[in-house]
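Participant: Take this structure, written in structure tokens, and hold onto it; I'll ask about it next.
None of the figures in this text is laboratory data; all of them are computed from the coordinates on show. This one's a predicted model, so the numbers in the text were calculated from it and none came from an experiment. Cβ coordinates were reconstructed from backbone atoms using ideal geometry, including for glycine residues, and neighbour counts include every protein chain displayed.
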Amino acid sequence: MSESVYVIGTCSTPFRRWPDKGFKDLTREVYLGAAQDAGLADPQVIEAAWFGNCVMHYWGQPLVRGNVSFIPLVREGLFRDRAPVINVEGACATGSLALSGAYKEIRAGDADVTVAVGVEKLYDPVNPSGILAEFGKGADRLDPEEWIEHYTRIGERLGQAFAPSPDRSVAMDTYSMQARLHMKLYGTTREQIAAACAKSHTNGSLNPLAQYRFAMTPQQVLDDRIVSEPLTRAMCAPVGDGAAAAVLCSEKFLATLPTHVRDRAIRIRALAISGGKYRGEAEPGLSRAAADRAYRMAGVSPQNVDVAEVHDATSFCELYQTEMMRFCPEGQGGPFAASGATAMDGKVAVNPSGGLVSKGHPIGATGLSMCHELVTQLRGEAGERQVRNPSIGLQQNGGGIIGLEEALCAVAIYSR
């Protein structure tokens, strides 16, 4: 019988530009913060760490990234001698893969306490645009002509050339094509995308950890400069640094903890991962497959979800993912957002953190920052952005590029 798994501690740094903090600094901050939040008097009870990162090679550390980042913690007796640090990478879904490894290790009965850590530094003060080329490495680099031709053909049909530029992430160009295709298939409008974006920026203004902390109106979103039509700058996640972590434990270990720790524990009801492919233009995406599996594992339906953090690397993605999560019918993500159904007091509160477009998107840390937000919401500790009495939370985090979708996607479901 598989073990039930609980999140007993989380921590996230503010997402921003941290030129004065290195990987070891950020790792230490969230590791100790999550252990403290879990009420662990001695963090050496943690038996294994799963470490997520994508671009540490850019800063000179291509291999054993987490192992190097944990050196000071081991040396100071804050992380157990000889405990493994397992490195994972899945582009923008990396944080959720680290969470999945920590979760599965407990479910398998191989550990009672694990930690997942995601750390990323994307801002280079010496060469601010230098990091942008790294985002294109989440696509097929062995046969790049295949996906480039794929998007070129789509652009020709839509009347907009697929024309990546060194002044932006190529992911923004792929998302712009996906948005325009959705607009053609279903009548989605720029105004509907702007409604979702303004909602998220307004939520982010209430989040002390968010990189952008200002409210916006839909018109302000539309008036911002174009990055890749129809996406404006406000609709696109910013470049920044940050880290997040979560301490997980088994039900057996949870029973040994004080009442005040047990009362704040949040159960991971399900964590499902799906793989991407070159899908048909009207075919549901890989996140639908992960969501359906997660709902089955958790024994809940989309109607049971009170609060969700979805992967809005652009605000179009939020519309699309509300469809894939079955919060609304396919093609209706635009009207759903414009109706207010995704507001904090709506049918399902989507991205109360501000989402990636406001909170920020240091890619290796993103999935674990979603975990942190949902745990905070389910505990009722989110302050000004608190959703009313949530009992079920959902996290959707995708990464990489294969055709019109990501290379992989993780969907987690949490409950009080």
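Participant: What Kirkwood radius, in Å to one decimal, follows from the Cα pairs of region 310-356?
Facilitator: Hydrodynamic radius (Kirkwood, Cα only) of region 310-356 equals 10.3 Å.
Participant: Still on this structure, please answer the following. Between region 234-252 and region 7-86, what is the C-alpha centre distance in whole Å?
Facilitator: Centre-to-centre distance over Cα atoms comes out at 12 Å.
Participant: Which part of region 37-55 falls in the paramagnetic zone of ASP81, meaning amide N under 19 Å from the point 7 Å along Cα-to-beta-carbon?
Facilitator: Flagged as within label range: 42-49.
Participant: A follow-up question, please. Quick check: Cα centre of region 309-336 to Cα centre of region 174-231, how many Å?
Facilitator: Region 309-336 and region 174-231 have Cα centres spaced 12 Å from each other.
Participant: Scan (1) 30, 60, 11, 0; (2) 24, 54, 20, 2; (3) 28, 56, 16, 0 for the value of P(r) over Cα pairs in 20 Å bins from 0, in percent calculated from this model and give just the label.
Facilitator: Recomputing P(r) over Cα pairs in 20 Å bins from 0, in percent here picks out (1).
Participant: Same structure again: At most 12 other Cβ atoms within 10 Å and a DSSP loop assignment: could you name the trypsin sites (Lys or Arg not before Pro) in region 76-152 that fit?
Facilitator: ARG82, ARG141
Participant: Could you tell me the ratio Rg/Rh of region 16-70? Both radii from Cα atoms, Rh via Kirkwood.
Facilitator: Radius of gyration over Kirkwood radius for region 16-70 works out to 1.01.
Participant: May I ask for the angle, rounded to the nearest 10°, between helix 190-204 and the longest principal axis of the chain, with both axes built from Cα atoms and the value confined to 0 to 90°?
Facilitator: Result, in degrees: 30.
Participant: So between GLU330 and GLN44, what do we pick up on full extension, going 0.36 nm a residue minus the alpha carbon distance?
Facilitator: 98.2 nm
Participant: Compute the helix-to-body angle for 286-298: its Cα long axis versus the longest principal axis of the chain, expressed 0 to 90° and rounded to tens.
Facilitator: Between the helix axis and the principal axis of the chain, the angle is about 40 degrees.
Participant: If you fit an axis through the alpha-carbon atoms of helix 315-324 and take the longest principal axis of the Cα set of the chain, what angle between them do you get, 0 to 90°, nearest 10?
Facilitator: 70 degrees
Participant: According to a simple spin-label model (label point 7 Å from Cα along Cα-to-Cβ), what is the distance in nm between PHE214 and GLU134?
Facilitator: Placing both labels 7 Å along Cα→Cβ, they lie 2.6 nm apart.
Participant: Give, as ranges by residue number, the residues of region 341-359 whose backbone N falls under 13 Å from the point 7 Å along Cα→Cβ of ASP224.
Facilitator: It comes to 354-359, nothing else.
Participant: Using 7 Å Cα-to-Cβ label points, what is the ALA255/ARG279 separation (nm, one decimal)?
Facilitator: Here the modelled spin labels are 4.2 nm apart.
Participant: Modelled label-to-label distance, ILE148 and GLU381, 7 Å Cα→beta-carbon offset: nm?
Facilitator: Inter-label distance under the simple model: 4.9 nm.
Participant: For the chain, what number of Lys pairs, 8 or more residues apart or on separate chains, have alpha-carbon atoms under 18 Å from each other?
Facilitator: 8
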